[in-house]
Amino acid sequence: MSELDTHANQRFFAVINAGSSSLKYSLFAETHDKRLERRTDGGIEGIGSDKPFFIAFDDDKYQIDEYHWDKATSLDELLAFLIEWIEKFLAPDHLSAVGHRMLHGGTLYDEPILVTPEVLENLRKLIPLAPLHQPRILTVIDTLAARYPGLCQIVCFDTSFHKTNPYIAKLYGLPQSLTDKGLLRFGFHGLSFEYVSMELKHIDMHAAMGRTIIAHLGSGASMCAMIGGKSVASTMGFSALDGLVMGTRCGQLDPGVILYLLQHEGMNAKELETLLYQESGLLGVSGISNDVRDLMKSDAPSAKTALELFVYRVVRETGSLAAACGGLDSFVFTAGIGERSSEIRAAVCEQLGWLGLELDERANQLGELKISKDTSPVSIWILPTYEELMIARHGARLSAECEAHQP
């Protein structure tokens, strides 16, 4: 393993993305023309499972390290390992900033922001809005702050991109007293939508500035409707449970189901949280796996049902989002399933033919950038997302402010 070359005038940025079952990292170097180049990335996957593992890649995506643990390994131990591994590449005193993906900004934050004691205190108050994600991210921030007191840290909110949604699109049919307390539709995956929308502008400005739907289809999945590159509606709402069927999350659910489970099945809040976040979705419906690849290989009827439900929900939500846009000019697939599953893309587009999506089957099979026919009224694209680069860009922009306040 070789260490990165460091230069006195070059700035480096780390991104740590703490998910519900993973700790991913990326390291970027700022070039002389202010571009950010990835030097290494990887992370710890399978946290909470029987066999968590670490894998790292260099800037050419060649694997350069791997490590395995058992189920008894604590989150603190895993985080310490990750930080120490990063240090082998680049000592923190060479870093200009560390950026974090923060799931929820509530009504307090709608822009990336420098971490201060006041910000941390406010973010802790938002834990009930994202009980699985927020605590883990805060643990990472606290650990880094204790280890490196002078290190600049920045949080970027997954809700920020949707701040342009009309007020009416954010409302639930609840009493105003609850709305005033922040029970609103926020939307998530904003960093992914922000990155993909910017990339689309580089590729096809006409498509980017028209009426666009981006489908972020991964283990966590949501869709965003945009007009002129700005979000106007999202499938996710107050929490990351809403909208599409996901890997282990239920998606849209009648609130009456919750009342039934509480009143007649004797479930408590913690059991409901586990059911809705970890035991539902593709895993719950299939009884086999939360991974589309596993379900594609299975001959079990329940696997087919889970995949059909996943596609059905994407198609249903597309109709809703197209209504919010007043029509549709372009449709973009992104994230793990959206980028890699030609079968899911084909199934979605086939059921959306009425809306003007005409798929080029060969381009879809090859995973080309544009996968619609030339005659298609709606252009169809595959654009890889890169949330970590989006966070690093915000970090580079804000780190100058952070450095200005350092003694």
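The values are calculated or read from the model by the stated rules, or taken from the named source; none is laboratory data. As the structure is a computational prediction, the values presented were derived from the model and not from experiment. Every residue, glycine as well, gets a Cβ built from its backbone with ideal geometry; the counts of neighbours run over all protein chains shown. Side chains included, ligands, DNA and RNA excluded: accessible areas come from the protein's heavy atoms. Shrake-Rupley method; radii C 1.70, N 1.55, O 1.52, S 1.80 Å.
Note that the stretch 52-67 has calculated 3J(HN,Hα) couplings of x, 9, 10, 9, 9, 10, 8, 5, 9, 6, 8, 5, 10, 6, 8, 8 Hz, one per residue in order, obtained from phi through the Karplus relation 6.51 cos²θ - 1.76 cosθ + 1.60 (θ = phi - 60°); glycine and proline are x. About its Cα centre, the dipole of the stretch 1-156 is roughly 420 debye, where the only charges are +1 on Lys and Arg Cβ and -1 on Asp and Glu Cβ.
Near the amide H of Gly251, within less than 5 Å, lie the amide hydrogens of Met246, all on another chain or at least 5 residues away, with H placed in the peptide plane. Only one of (i) 65, 57, 39; (ii) 83, 58, 37; (iii) 59, 55, 47 was calculated from the structure for Cα extents along the principal axes in Å, and its label is (iii). FRET efficiency for the Lys201 to Tyr62 pair, using the beta carbon distance and R₀ = 25 Å, is estimated at 0.20.
For Leu359, the residues whose amide H sits under 5 Å from its own are Lys373, ignoring neighbours fewer than 5 places away on the same chain, with H placed 1.01 Å from N. About the centre of its Cα atoms, the stretch 67-126 shows a dipole size close to 180 debye [charges on the beta carbon of Lys, Arg (+1) and Asp, Glu (-1) only; nearest 20 debye]. Overall, the anisotropy analysis places the stretch 259-407 in the oblate class: the square-rooted eigenvalues a ≥ b ≥ c of its C-alpha gyration tensor yield a/c not less than 1.5, with a/b not exceeding b/c. Scanning the chain for long hydrophobic helices, with DSSP H runs required to stretch 15 angstrom or more by C-alpha along their axis and to average at least -1.0 on the Kyte-Doolittle scale, returns 75-89, 134-147, 190-203, 301-325, 387-405. Each Lys and Arg Cβ is given +1 and each Asp and Glu Cβ -1; about its Cα centre, the chain then shows a dipole of about 960 debye.
Remark: relative contact order (the stretch 322-392) = 34 percent; criterion is Cα-Cα distance under 8 angstrom and separation of 6 or more residues.
Oblate is the label for the stretch 121-244, because the ratio a/c of its alpha-carbon gyration tensor axes (a ≥ b ≥ c) is 1.5 or higher and a/b is not greater than b/c. Work out the charge dipole of the chain with +1 on the Cβ of Lys and Arg and -1 on the Cβ of Asp and Glu about the Cα centre, then indicate which of Ala346, Pro131, Gly173 is farthest towards its positive end. Value computed over the given set: Gly173.
Taking all Cα pairs closer than 8 Å and separated by 6 or more residues, the relative contact order of the chain comes to 14 percent.
For the stretch 60-120, trypsin sites (Lys or Arg not before Pro) meeting the loop criterion (DSSP other than H, G, I, E, B) and having at most 13 other Cβ atoms within 10 Å: Lys61, Lys71. The H on the amide N of Val232, modeled in the peptide plane, is under 5 Å from the matching H of Ala225, Met226, Ile227, each at least 5 residues off or on a different chain. Distance check, please: which entries in Lys51/Lys270; Lys270/Lys297; Lys24/Lys125 exceed 30 angstrom between their Cα atoms? Too far apart for the 30 Å limit: Lys270/Lys297. Between the C-alpha center of the stretch 151-175 and that of the stretch 68-147 there is a gap of 20 Å. Here the sum of -39500 (n - 2.57) over DSSP H runs of 4 or more residues, divided by the residues of the chain, equals -11500 deg cm²/dmol at 222 nm, to the nearest 500. In the full protein context, the stretch 147-228 carries 40 Å² of accessible surface per residue, based on a 1.4 Å probe and ignoring ligands, DNA and RNA. For the stretch 63-212, averaging the sequence separation of C-alpha pairs within contact (under 8 Å, six or more residues apart) and dividing by the residue count gives a relative contact order of 25 percent. Of the accessible area of the chain, computed with a 1.4 Å probe over protein heavy atoms only, carbon and sulfur atoms account for 52 percent. Relative to its residue count, the stretch 38-164 spans a Cα convex hull of 128 Å³ per residue. If I build a Gaussian network model for the chain, linking alpha-carbon pairs within less than 10 angstrom, which residue out of His68, His104, His216 has the largest mean-square fluctuation? Of His68, His104, His216, the most mobile in the Gaussian network model is His68.
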